[in-house]
Structures are given as C-alpha cells and as structure tokens.
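*Asks:* First the structure, which I've put down as structure tokens, then a few questions once you've had a look.
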Amino acid sequence: MIERFATPLALLALLVPVLVVLWRWRRRGREAVLTVSDTRILAGVAGRGRARLRRLPLALRLAAIALLALALARPQAGTHTREVTSEGVDIVLVLDISTSMRGEDFRPRNRLEEAKAQAAEFIRKRPADRIGLVVFAAQAYTQCPLTLDHDLLLDFLGEVEMGLVEDGTAIGSALATGANRLRESKAESKVMVLLTDGDNNAGSVDPLTAARAAAAVGAKIYTIGVGKEGQVPYPVQDPIFGKRYQYVATNLDEATLRAVAEAAGGRYFRAQNTEALAEIYAEIDQLERSEISSVERIDYREASTPFLAPAALLLLAEFLLARFVLRRLP
C-alpha cells in the first residue's frame, strides 16, 4: 500500500491529460473537413473499422502521461515496525513435573497437561516481558532461561513431561533455581510463579529459605496449589489388564505454599479445577503489569515500477497503432 509520494509536485503533470481533453472538447466542430463531390464513395468507410480507432492513440498517450506523472512523484510503500521499550517484568514459571502430576482431576487432561496449557496462555498474553521456565521433581533445572522469544519458550514448554528426572518434589531447590535466574535481572519487577501438587520431600534447600533468598534479590513469589481434595484418580499401567486407575489421597502442603508466598511478597492460590486455574493465571497476569511505551517506525521503499511498466506498454501500443493500423490523409 502506498504511504506517501516523495516528490508530490510531480503530480501536477496529471493536469496535462485533463487540459488536453478540455482543449480537444473545445475544438470540436473546428476540425478539418474534406469535401467530396459524392458521399456515396465514403459510405462503406465512415463509422466502420479503423475509423472508429482514430481517438485511441491520443487516449493511450494521455493514460501513459498520467502513469508517468505518478511514477515521477515517487510513490513509496511503508513497512511498519513497532518497537516496544519497557522496563517490563521478568517472570520465571516454576513447574512441578513429579509423577503425582499424573492425577486426572482436571479431565480430560491430567494436572501437568492442564498446567502447561494455562501457562502457555499466560505467556501469550505477555509479549513485552522476559519469561523463563524452571521444572522440578527430585531435582530442579532450567528448561528455558529468561527470554523474549516466546515461540521458543512455548516449544520448550511443550517438550516438558514427567520422568525426565528422578521422582520427588524439591520445591525449595526449584525456588532457589528460579531466584538465581532472577538475581542478575535489571527489570523493574521480578516474579516467580510456582505450581505444584505436593509437599517438599526432596532437595537440600528448605522452601522458606529459598523464598527469603528470592525476596532478597527483589523477586515476588506467587504459589499455586493444584488438585482436588480427597481421593484423586491416577492411571496405572497393569502388565495384564493394561491401563487402569487407582485412587490416591492428595498430599498438597498448603501451609508451606502460603508461607512461601507471604515471605516473598506474593499470594497463594488454590486451583481444584480447570476454570479456577485459568482464573488464577489471569489474576496474576493483571497483578503484574508495567507501563509499556512503544515507538512505531516506518521503513519506506520505492514503488514506481508498477506505474512505469504499464506506461511503456501504452506508449508502445500508441506507436504500433499509428504506424501499422491507422492511416492519415497527406
């Protein structure tokens, strides 16, 4: 799409075709006349064949002039680029991948798949923020460092599955890993979002100690406990009967998760179904917002070629008509 003309004064040349048409209109009735003794000799010529094309060369020339005027005005197309400049928020998502996350109280997905789906939606809503991903079972590791490349982050999130590390729930180690990722951050706001369905039973770092360390580097922690109360169905692979379910009691340590959130200036949430988990991520999304300033830049490129080529074809057509088709009296 044409954004502007670099030399708009050249558009004045568009008046030439208009003036020529007006001049020709005023000269009607004063054109040269050929007198003959008997009009019957022209009866088979007038109004037929080539005579009908006598005004076409002028029309082609005027159209070519109009196109050349547009080309000389140097039309330019623009490519818009939006540059977002913001202190923003650095966020580390801390995700439990222990085998207890196989619980299917979030049907049709299990806990892990539902947590991944809601985390992906959260990521998509925050294009201006750097987001990283830490996953944990008995050990914690960084699945993706802080990045603005959210497509890459979503790819890493999609690859998360249970069984990658020894089973267990090392909440303290996971928080310490996330805090270490945020330690060098210069963002205006630093946040961790921890999601788990268990209690701290692995790792060498106490969750409260890790939470205080996170607070010391300016990080806020939101904790999410997932899972329904009571007995929860877990799939089990039976070597004889195949997949079956057994019911296991939820062992979520809400007291520790609440204490961790309070120690790091955040909040604790409980999600017992899909709707609640979606609402929690949406609430965190609204709580952690920063002002974003954006600058739009337009890169211009020349767009004269589409006018030059048709103009050349019109002039060629005029020449061929005048030279080989139409005839004039001497």
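The values are calculated or read from the model by the stated rules, or taken from the named source; none is laboratory data. On a predicted model such as this, the values are computed, not experimentally measured, just so you know. FYI the Cβ positions are ideal-geometry reconstructions off the backbone, even for glycines, and counts take in every protein chain you see.
*Asks:* Going by what's in this entry, would Gly158 be described as over 25 Å from Leu287 (Cβ atoms), in contact with a Phe, Trp or Tyr (Cβ under 9 Å, 6 or more places away or on another chain) and of a type outside the set (Asp, Glu)?
*Replies:* no
*Asks:* Can you name the number of the only condition in (1) closer than 30 Å to Arg183 by Cα; (2) of a type in the set (Val, Ile, Thr); (3) not in a helix (DSSP H, G or I) that Val260 fails?
*Replies:* Result: Val260 fails condition (3) only.
*Asks:* Turning to a different aspect of this structure: Considering only residues that are in contact with a strand residue (DSSP E or B) (Cβ under 8 Å, 6 or more places away or on another chain) and among the polar types (S, T, N, Q), look in the range 227-271 and name the one that is surrounded by the most Cβ atoms within 10 Å (Cβ to Cβ).
*Replies:* Thr250
*Asks:* Quick one: which residue in Thr209, Thr169 is over 27 Å from the mean Cα position of the chain (by Cα), buried (at least 24 other Cβ atoms within 10 Å of the Cβ) and among the hydroxyl-bearing types (Ser, Thr, Tyr)?
*Replies:* Answer to the selection: Thr169.
*Asks:* Identify, by number, the condition in (1) in contact with a strand residue (DSSP E or B) (Cβ under 6 Å, 6 or more places away or on another chain); (2) crowded, with 18+ Cβ neighbours inside 10 Å; (3) assigned to a loop (DSSP other than H, G, I, E, B) that Met192 doesn't meet.
*Replies:* Against the list (1) in contact with a strand residue (DSSP E or B) (Cβ under 6 Å, 6 or more places away or on another chain); (2) crowded, with 18+ Cβ neighbours inside 10 Å; (3) assigned to a loop (DSSP other than H, G, I, E, B), Met192 comes up short only on (3).
*Asks:* Just a yes or no: is a residue in the range 261-268 touching a Gly at 6+ places or on another chain (Cβ under 8 Å) and under 26 Å from Ile131 (Cα atoms)?
*Replies:* Yes, the conditions are met somewhere in the range 261-268.
*Asks:* Another one. How many residues are closer than 21 Å to Glu262 by Cα and of a type in the set (S, T, N, Q) if we restrict to the range 202-250?
*Replies:* Within the range 202-250, residues that are closer than 21 Å to Glu262 by Cα and of a type in the set (S, T, N, Q) number 2.
*Asks:* Cβ contacts < 9 Å: first residue in contact (Cβ under 8 Å) with a residue 24 or more places away in the chain and under 25 Å from Gly198 (Cα atoms), restricted to the range 234-250; second residue assigned to a strand (DSSP E or B) and among the β-branched types (Val, Ile, Thr), any location; separation 6+ or different chain. Result?
*Replies:* Tyr234/Val248; Tyr245/Val236; Val248/Val232; Thr250/Val232
*Asks:* Same structure, new question: Which one of these is closer than 25 Å to Leu287 by Cα and among the β-branched types (Val, Ile, Thr): Val236, Val248, Val226, Val205?
*Replies:* Selected residue: Val226, the only one of Val236, Val248, Val226, Val205 that is closer than 25 Å to Leu287 by Cα and among the β-branched types (Val, Ile, Thr).
*Asks:* Restricting the first residue to the range 216-233 and requiring it to be touching a residue at least 60 places away in the same chain (Cβ under 8 Å) and of a type in the set (S, T, N, Q), which pairs with a second residue that is surrounded by fewer than 17 Cβ atoms within 10 Å (Cβ to Cβ) and part of a strand (DSSP E or B) meet a Cβ separation below 9 Å and a spacing of at least six or different chains?
*Replies:* Final answer for the pair search is none.
*Asks:* Ok, one more. Taking Lys228 as the residue in question, decide whether it is among the charged types (D, E, K, R), modelled with pLDDT under 95 and within 38 Å of the chain's Cα centre (by Cα).
*Replies:* yes
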